[in-house]
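S.K.: Here it is: the structure, laid out below.
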Amino acid sequence: MLEEKVQNNLPVEVGEVVECTVEQVMPYGAFVRLASGQKGMIHISELSYKYVKKVEDVINANEKISAKIIKVDEKGRIDLSIKQMEAPPSRSTRPSRAPRSKEPVSSGPETFEKRLSSFMKVSEMKIADINNRANNARSGKKRPKKPK
């Protein structure tokens, strides 16, 4: 018990890369033991730049890994990251947004009124279409005759 307390007081610095062993895998991340004996956690968002559905897709229990210390809070809890040791993906691999229209956006009551009127017409047509479908569905079904 005394040795564990001494080991926990070893200074670790933010930005330092440490070797650690995965002790426990949880849905939200993994708990690891540093070579110094201290415990830390790697959140699922710090595993990879790619989408991680399950922590087990990236790391498993008892696996030895290298991670970067990103935070040590006032209670001595250590947060680590594998993602920050990798190079971030280039901008070209991300899907690009559709280019914006070059047309100027005019404001004023005239444009707003036109847009509102157009929206109301389309909305009313959709509601009428839905009501017609519902009425046609009801009229197509034959009700059984009641016995006399």
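S.K.: Which members of the range 72-106 meet the condition of being over 18 Å from L47 (Cβ atoms), surrounded by 10 or more Cβ atoms within 10 Å (Cβ to Cβ) and either among the polar types (S, T, N, Q) or at pLDDT below 90 (or both)?
M.R.: Listed by number, the list holds a single entry, G76.
S.K.: Still on this structure, please answer the following. What residue, among those in the range 31-84 that are assigned to a helix (DSSP H, G or I) and among the polar types (S, T, N, Q), is farthest from C20 (Cα to Cα)? Full working, then the answer.
M.R.: Within the range 31-84, the subset assigned to a helix (DSSP H, G or I) is 44-46, 55-57, 83-84.
Next, from what is left, pick out any that are among the polar types (S, T, N, Q): 45, 84.
Details: S45: 18, Q84: 16 Å.
Out of the qualifying residues, it is S45.
S.K.: Which of the numbered conditions does E4 fail, given that it passes all the others? Conditions: (1) modelled with pLDDT of 80 or more; (2) touching a Gly at 6+ places or on another chain (Cβ under 9 Å); (3) outside any loop (DSSP other than H, G, I, E, B).
M.R.: (1)
The values are calculated or read from the model by the stated rules, or taken from the named source; none is laboratory data. Just so you know, these numbers come straight off a predicted model, no measurement behind them. Don't worry about glycine lacking a Cβ; one is built from the backbone with ideal geometry, like all the others, and counts go over all protein chains shown.
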